[in-house]
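What follows is a single structure, written as structure tokens, with notes after it.
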């Protein structure tokens, strides 16, 4: 697990391919540009160490395994290594492994309307857990649920195309695990772990494996 702070450095932009450069240019806010370019730079530098490829030779595929379109999570064709990127606020995180599909997600806690979002993100039993918490704990608890579910759906490659409320998880203050999952997107086994993103953030890792997770976090 590798963490970095966003930085829109010209040396980072030099490693973007043509499609990534177009996407970079479409971002209106400097903060979004910095998070995007930092994520791609972090992925290239770490994957270069893992695979022995030159950073400038690394090209990602975004082929969706479910519908065939080009909006899937970035992958490195021809290699068994899997990786996942996420960013929020001033956090950028990269997870890398071999032998399992993984997903990582970081969420900055914000003034989102969590009661409205809970109807879309949480299962009925999870909404009951959230409602029973003291008001001052509900925001962090909601974001813990959200980051766990985002990580799972990144690992499967479904992203926002699958229903988050179909997944029922353990309570936010308990070890992260999938309790139940309904619908066609459901897979098993799934391993989950909460990550240390710092105050005001929730972050999680999901791996489609039955093996225990061994996580090493680095940086920034």
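Values quoted throughout were computed directly from the atomic coordinates according to the rules given, and no laboratory measurement underlies them. Quick caveat: nothing in here was measured; it's all calculated off a predicted structure. So basically every Cβ, Gly included, is an ideal-geometry build from the backbone, and we count neighbours across all protein chains shown.
Relative to the longest principal axis of the Cα atoms of the chain, the long axis of helix 135-156 makes an angle of roughly 50 degrees. Using the average count of surrounding beta-carbon atoms within 10 Å as a protection proxy, the listed peptides 121-127, 174-180 rank, highest first, as 121-127, 174-180.
Once you keep just the Cα pairs under 8 angstrom separated by 6 or more residues, what percentage relative contact order results for the chain? Computed over the chain, the figure is 20 percent.
As a test of the definition: which semi-axes, in Å, follow for the chain when you take the square root of five times each eigenvalue of its alpha carbon gyration tensor? Largest first, please.
Working: eigenvalues 168, 78, 52 Å².
So the equivalent ellipsoid measures 29, 20, 16 Å along its semi-axes.
Report summary: the helix-based calculation at 222 nm, which adds -39500 (n - 2.57) for every DSSP H run with n ≥ 4 and divides by the residues of the chain, gives -10500 deg cm²/dmol. Diagonalising the gyration tensor over the Cα atoms of the range 179-220 and scaling each eigenvalue by 5 before taking the square root yields semi-axes of 25, 14, 7 Å, largest first. Is any residue of the range 93-129 close enough, with backbone N under 16 Å, to a label point placed 7 angstrom from the Cα of residue 5 along the Cα-Cβ axis, and if so, which? Correct set: 93.
Computed from the Cα positions only, the extents of the range 1-111 along the three principal axes stand at 37, 31, 29 Å, in decreasing order.
Which whole-angstrom value gives the distance between the alpha carbon centres of the range 145-187 and the range 194-220? When both Cα centres are located, 15 Å separates them. In the frame of its principal axes, the range 127-199 has Cα extents of 35, 26, 20 Å, reported largest first.
Scoring 106-119, 85-98 by mean Cβ neighbours within 10 Å over their residues and listing the highest first yields 85-98, 106-119.
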